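One structure is given below, encoded as structure tokens.
Please treat every number below as a calculation from the coordinates, not as lab data. All figures in this text were calculated on a predicted structure; none of them were measured in a lab. Cβ placement follows ideal geometry from the backbone for every residue including glycine, while neighbour counts extend to all protein chains displayed.
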Amino acid sequence: MSSESTTGRKWNERSDATAAVLANADFMFQLLFERSADAIVLFDPDAGVFFDCNQAAVALMHATSKEQLLQLTPADLAPQLQPDGHPSMQRAAEITALVQKNGSHRFEWMARRLDGSEVPLEILATAIPIGGRTLHVVVPRDITERKRAEEEIRRLNATLEQRVVERTVELLASEAQFRTLVEHAPEAIVVFDGMTGRFEMVNENAVQLFGRSREEMLQLTPADISPPCQPSGRPSVELARERIGEAMAGGKPVFEWMHVHASGREFPSEVRLVHLPGERCCLIRASIIDHTERKRAEHALRESEEKFRALFEASSTGVMIHDEERYLEVNSAIVRMLGYSSAADLVGKHPSDTSPPFQPDGESSATSAARHIAECMQRGSARFEWLSRDARGRDLPVEVMLTRINMGGRQLIQAVV
């Protein structure tokens, strides 16, 4: 194959245009060097002096002219120490050696301008052979804004770290205070994860209430200290999930619950759930009050009331329960005695309503009744003779014994006629 192209030029011959460009290479380099927006300095590492620079370098270093800048040495354009504490001239020698060894090196440098101000630079230095010697092409860029941004970021990070430390201290103090309050609360308190159900904190009262060690409790969930079903017949797990969901939604449910002691004994309790605020959004505090004694008292009271009711109704003596205004309950004997059809005919009436307007001593029945009631409430009892009037309007002389009694937390009067 011929080494000549269709134009007759050999493959290793340059075109006239290429030859012209190469002939003007020095001129083009000089043009690029002078008009570059980046500062460029030619440095002679052997002589330790600047060989040339462009106008951008003059402006960067606040020099009045290229001649002024080229009369200086690197020592004239640097503070005594670099930001890392090393002497500038020592660092300059190390960097020069790296450029000579590796061909190029990028680094940060603190320079001092001719007006005395300091400016942080990022410098790329590249070794190039020119005319039988090696020069370093140094391209410095002002990174003042970048450094300012980095400093602001460091300041913000430091502020953030300080805030994190302060917040951590606050949280630890708050947690310590919370633990103290929980530990010294009069009721049993447990804190559990609303998602997993696992107990995360229990106080001593909870340990005593359930008969388990603190370590054992922290391995359990509400389902583990409940029977399979609640008295309503619903599964404990299902019902607990509903109550927890209500608390997680911001409610503060209060409900009765059957729990299980470590011995297997079931006991009734009242539970109050509260969703705890904080970074962990799923913690719930449960306050638990053992209602065993209250339930026993309620049962005993019901039995007592049933016995009282039986005696009340079976008594052949007329008995009425009333407050200072009206009859609240009456037995069958007084209904018959006063000739009424049912107890409903008497309940709600005032004692003066079943009496003539005046008593035999001339005092009005309303005034006399109020006086005897006040005496009973003050002394605990009162006995007196009374003139009653039955449903048909007949007057009946009776002897009345009033006794102050407590029923359902109220001070009432029992009248035996």
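What does the charge count near residue 370 come to, summing +1 for each Lys or Arg and -1 for each Asp or Glu among other residues with Cβ under 11 Å from its Cβ?
-3
Report the net charge of residues surrounding residue 41, where surrounding means a beta-carbon distance below 11 angstrom and charges are Lys +1, Arg +1, Asp -1, Glu -1.
Net local charge, residue 41 excluded: -2.
State the three equivalent ellipsoid semi-axes of the chain, derived from the C-alpha gyration tensor as the square roots of 5 times its eigenvalues, in descending order and whole Å.
110, 27, 22
If you put +1 on each Lys and Arg Cβ and -1 on each Asp and Glu Cβ, how big is the dipole of the stretch 56-123 around its Cα centre, in Debye rounded to 20?
Roughly 160 debye, rounded to the nearest 20.
If each DSSP helix of 4+ residues adds -39,500 (n - 2.57) and the sum is divided by the residues in the chain, what number results at 222 nm, nearest 500 deg cm²/dmol?
So the calculated ellipticity at 222 nm is -11500 deg cm²/dmol.
For the charge dipole of the stretch 18-142, defined by +1 on Lys and Arg C-beta atoms and -1 on Asp and Glu C-beta atoms about the Cα centroid, which residue among 60, 100, 77 has the Cα displaced farthest towards the positive pole?
100
If I take every Cα pair under 8 Å that is 6 or more residues apart in the stretch 304-416, average their sequence separation and divide by the length, what percent do I get for the relative contact order?
RCO, the stretch 304-416: 23 percent.
Given the Cα-Cα distance of residue 407 and residue 242 and 0.36 nm per residue of separation, how much length would full extension add, in nm?
Gain on stretching residue 407 to residue 242: 55.7 nm.
If you take the beta carbon distance between residue 75 and residue 281 as r and set R0 to 41 Å, what does 1/(1 + (r/R0)^6) give as a FRET efficiency, to the nearest 0.05?
0.10
Using only Cα atoms, tell me the angle between helix 144-183 and the longest principal axis of the chain; keep it within 0 to 90° and round to the nearest 10.
20 degrees
Would you calculate the separation in nanometres between label points at residue 349 and residue 392, each defined as 7 Å from the Cα along the Cα-to-beta-carbon direction?
So the label points at residue 349 and residue 392 sit 1.5 nm apart.
Among 354, 257, 218, whose Cα projects farthest towards the positive end of the dipole of the chain, with charges put on the beta-carbon of Lys, Arg (+1) and Asp, Glu (-1)?
It is 354, whose Cα lies furthest towards the positive end.
Report the net charge of residues surrounding residue 289, where surrounding means a beta-carbon distance below 11 angstrom and charges are Lys +1, Arg +1, Asp -1, Glu -1.
Its environment carries a net charge of -3.
How many angstrom lie between the Cα centre of the stretch 322-358 and the Cα centre of the stretch 185-256?
51 Å
Taking amide H positions as placed 1.01 Å from N in the peptide plane, with prolines and chain starts having none, which residues 5 or more places from residue 389, or on another chain, fall under 5 Å of its amide H?
Under 5 Å from the amide H of residue 389 lie the amide H atoms of 355, 396, each far enough along the sequence or on another chain.
Run the reach check for residue 147 against aspartates and glutamates, Cα to Cα strictly under 14 Å, same-chain hits fewer than 8 apart removed. What comes back?
108, 118, 122
Of 320, 338, 408, which is farthest towards the positive pole of the stretch 304-416's charge dipole, taken about the Cα centre with +1 and -1 on the beta-carbons of Lys, Arg and Asp, Glu respectively?
Looking along the dipole axis, the top candidate is 408.
One-quarter of the Cα convex hull surface for the stretch 292-417, in nm²?
That works out to 8.0 nm², a quarter of the Cα hull's surface.
Would you work out the relative contact order for the chain, in percent, from Cα pairs under 8 angstrom that are 6 or more residues apart?
Computed value for the chain: 7 percent relative contact order.
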